[in-house]
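Read-outs: derived from the displayed coordinates by stated rules, not from any lab. Because the structure is a prediction, the values reported are computed rather than measured. Cβ: placed from backbone, ideal geometry, glycine included. Neighbour counts: every protein chain shown.
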Amino acid sequence: MRIPFVKMHGLGNDFVVLDARRDTLIPVTNDLARSLADRRTGIGCDQLILLEASGNADFRMRIFNNDGSEVESCGNAARAVALLHGEPCRIETNGGIIAASPADGGIAVDMGKPRFAWDEIPLAYAMDSESMPVAWEDLENPIAVNVGNPHVVFFMDDADAVELDRLGPQIEHDAIFPDRVNVNVAQIVNRKAILLRVWERGAGLTRACGTGACATAVAAMKKGLTDREVAVTLPGGTLTIAWGEDGHITMTGPAAESFRGTFDPADFT
């Protein structure tokens with residue numbers, strides 16, 4: 001039996017999408033996700049996305065990073081699957097229900113409300129999450145925020161100067177983050193623009209991270225560094241992030257389908 005897939009991306013953050021909303025597929029395991037994500041011997045992607053039926057929303061989206069770990073939320077994937085769905089939709093994730101709809105500039109996703117409490121990130125013990133009393137070399141006093149999954153954000157004068165490929169995994173796996181963490185290094189350009197690089201939990205350096213852009217934008221807004229709507233530019237392109245008076249984050253940006261194909265599960269067992 002061959003399994004169909006759709007290869008998609010949002011600003012170069014790429015996905016293999018499996019659709020089990022109507023058709024029963026083989027069980028997706030951590031090992032299968034890791035094998036399919038391998039860029040040399042599999043299809044290749046940052047995340048494997050599994051769509052399933054949901055009793056609480058239009059459908060459920062499960063997200064597996066390329067190391068096989070399952071995570072709670074992915075903003076770029078939300079835009080991609082909303083494009084695939086073809087109309088406004090509510091998407092159940094392990095991080096909560098989000099809503100997506102077509103918009104100027106691509107797809108707009110209501111990412112819900114950010115959470116800043118230490119036990120909502122989560123952190124290993126109580127501390128000031130808006131200026132954490134911790135440091136990793138020159139990366140110090142980050143702000144922690146959960147936008148469906150956990151993030152820490154460092155504001156730097158020169159984001160490109162940070163050795164994120166070396167420091168990122170150290171921070172991701174630090175014991176202070178019991179669920180690991182996504183690491184964002186940001187540079188404020190002006191009150192309407194941010195430059196951002198992201199070490200993504202379970203995936204490494206990425207061309208774009210939607211939840212990272214959301215986390216960084218609301219962190220900057222909370223600190224009074226930017227306006228309530230800002231353009232966040234990552235290596236793969238730019239997302240527009242707005243933090244509404246109702247507390248909800250709206251992320252707007254493009255998504256695209258790359259190609260379709262099938263695979264034989266027997267090749268990956």
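If the cut-off is 13 Å between C-alpha atoms, which aspartates and glutamates fall inside it for Lys7, apart from same-chain ones fewer than 8 positions away?
Asp19, Asp46, Glu257
List the residues, sorted by chain then number, that are 5 or more residues from Asn13 or on another chain and whose placed amide H is less than 5 Å from its amide H.
Ala208
What size of dipole, in debye to the nearest 20, comes out for the stretch 1-87 about its Cα centre when the only charges are +1 on Lys and Arg C-beta atoms and -1 on Asp and Glu C-beta atoms?
Charge dipole, the stretch 1-87, about its Cα centre: 220 debye, nearest 20.
Which of the listed residues, Gly75, Ile97, Leu50, is farthest toward the dipole's positive end in the stretch 10-120, when Lys, Arg count +1 and Asp, Glu count -1 at the beta-carbon?
Of the options given, the answer is Leu50.
Whose amide H sits under 5 Å from the amide H of Ala103, counting only residues 5 or more places off or on another chain, with H placed in the peptide plane?
Close amide H contacts, sequence-distant or interchain: Ala108.
In the neighborhood of Ile121, defined by Cβ-to-Cβ distances under 9 Å, what is the net charge if each Lys or Arg adds +1 and each Asp or Glu adds -1?
Here the count lands on -2.
What list of ³J(HN,Hα) couplings, whole Hz, do you get for the stretch 212-227 from phi and the Karplus terms 6.51, -1.76, 1.60, once you set θ to phi - 60° and write x for glycine and proline?
x, 5, 5, 4, 5, 5, 6, 5, 5, 5, 5, 7, x, 8, 9, 6
Test of understanding: in a Gaussian network model of the chain with alpha carbons linked when under 10 Å, which of Ala33, Ala256, Ala161 would top the mean-square fluctuation ranking?
Highest fluctuation among the options: Ala161.
May I ask you to list the lysines whose Cα is less than 22 Å away from that of Lys192, ignoring any residue fewer than eight positions away on the same chain?
Lys113, Lys222, Lys223
Applying the Karplus parametrisation 6.51 cos²θ - 1.76 cosθ + 1.60 with θ = phi - 60° to the phi angles of the stretch 69-81, what ³J(HN,Hα) value in whole Hz is obtained for each residue in order, glycine and proline being reported as x?
Residue by residue, the stretch 69-81 yields 6, 9, 10, 7, 8, 7, x, 5, 5, 4, 5, 5, 6 Hz.
Mean residue ellipticity at 222 nm from the helices of the chain, using -39,500 (n - 2.57) per DSSP H segment of n ≥ 4 over the full residue count, to the nearest 500 deg cm²/dmol?
-4500 deg cm²/dmol
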